[in-house]
Amino acid sequence: MTPVETELVSALHRYADSVPVPADGWAENRRRLARSRTSRTRHRGPLLAAAAVVAVVAGTAAVVIGAGAGGQETPAAAPSVGGASTDLIPAAQRLPVGVVAGPEVVVGTGVIDPPPYDPAGVKLAVADYSGQVVVLTTWGSWCAPCRTQLADLDTAAAALSSTDVRFLAVDLRDDYRLAQVYLQQAGIEFPSLALTGETLDLPGVVASSIPATVLIDREQRVAAVFNRPVTAAEIVDAATALASE
Amino acid sequence: MDVRQHGDHDAVAALGACETVSYEGLFVAHFPGMVRLAALLGADDAENVAQEAFVRLHPQLPRLTGDGAARAYLRTTVVNLTRKRHRHLRVVRDKDRPVRESFGPSAEEAALRQQPDAALVRALHALPPRQREAVVLRYWLDLSESGTADAMNVTTGSVKAHLSRGLNALRGHLSSSGTEPS
């Protein structure tokens, strides 16, 4: 080996040794493996997953189970479903939605995008939809299943366009320029609210495992929570049932 | 010649000579090495590349017998993922999309800033990808020319060519080249 090569070898080693290696690599790897397995199961059995509609019927109990999970993706306890295809929380057990408000993410023009939102501008708020049935979904441009979910909900929104069911997306922890680009590219029709700073105050929603979709009744109460991806058909059924209450 | 095996000696020794190495054992032994390999190959998200390589290794494990095969699989995957990442970054740059503006300097860039060999490392990163791969696999990982060829999925002949060109390009940034009698 020539002196040049020897020097190169030691320089490469010095550089390599200076590269930081995270100490929690193994924990992160467990998470990634779990995620890759979950997504595979979902692909295999979307119908089964859809049939197991939600322990949300358990009302507030579901809130506790979901919220306590802390990143662990334990599905809520065995559903005590009454056989109906859409399971709404009985009106008496519904909890009111909290304050969910923020500026709207402006859809890009594709050429030179305007700023993604105007922090001082008009705010979108769930409270503005009082008297209407709202399908609210959480997403982020960084979350692949959420992007798919948004596109599916857009289909559902088109199917429900003749009703007074409204759709609203809540964009969490995002680079809102990327959100803007995605909304434009995917042609999502319903508005997206930039949740900047505020925490998400929706009873039953596990904000750490989005996408989560919530149905809100005309009295601004949470009528169903899906802490998982939902299909367009599922949402159309559930929202139609809620709208006809 | 420095014969260090990128810091995995102890961990490998701890595993003993058992035939079937556990996934966790492999991870502990080779994760740091794979992060460093990705960084040397110029990945701006070296940890992510290494993590992804292990996620891909997992379903393949039953088919790979012995520590050597798993290691070779990891190396090839890191090389491929880094290539892919470079292609992606090129596309993004060409489209002039704001992608990582909101992040600070990458861990790799931060490491580079405290480097005594910063000029050499920059020159390494400026090499064409194949030359950089050949140099890193051959001189840092101390793979044989045929091992390097396998990891890069090219022939031994082209490894030789990439190596000599790469070395020539880096020569100017190494001090011994100046003191060497020609």
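Observations
- Karplus 3J(HN,Hα) series, Hz, for segment A:238-243 with 6.51 cos²θ - 1.76 cosθ + 1.60 (x for Gly, Pro): 5, 5, 5, 4, 5, 5
- Calculated FRET value between A:ALA243 and B:LYS160, using beta carbons and R₀ = 60 Å, to 0.05: 0.25
- Once backbone amide H atoms are built at 1.01 Å from N, A:LEU124 has A:GLY102, A:GLU104 as its partners under 5 Å, excluding neighbours fewer than 5 places away on the same chain.
- Test item: B:42-50 mean partner chain Cβ contacts at 10 Å: 2
- Additional length obtainable on full extension of the chain from A:ALA233 to A:ARG218, 0.36 nm per residue less Cα span: 3.3 nm
- Using θ = phi - 60° in the Karplus curve 6.51 cos²θ - 1.76 cosθ + 1.60, the 3J(HN,Hα) couplings for segment A:220-228 round to 6, 10, 6, 9, 6, 10, 10, 8, 6 Hz; x is entered for Gly and Pro.
- The mean number of Cβ atoms from other chains found within 10 Å of a Cβ in peptide B:25-31 is 2, as a whole number.
- The calculated FRET efficiency for the pair B:ARG122 and A:ARG173, based on their C-beta separation and a Förster distance of 25 Å, comes to about 0.15.
- Computed from label points 7 Å out along Cα-Cβ, the spacing between A:GLU28 and B:ASP142 is 2.7 nm.
- Computed from phi, the 3J(HN,Hα) profile of segment A:173-185 under the Karplus parametrisation 6.51, -1.76, 1.60 (θ = phi - 60°) reads 6, 10, 8, 5, 5, 5, 4, 4, 4, 5, 4, 5, 5 Hz, with x in place of Gly and Pro.
Quick note: the coordinates plus some simple rules give every number you see, no bench work behind them. What you see is a predicted model; the values in this text were computed from it and never measured. Cβ coordinates were reconstructed from backbone atoms using ideal geometry, including for glycine residues, and neighbour counts include every protein chain displayed.
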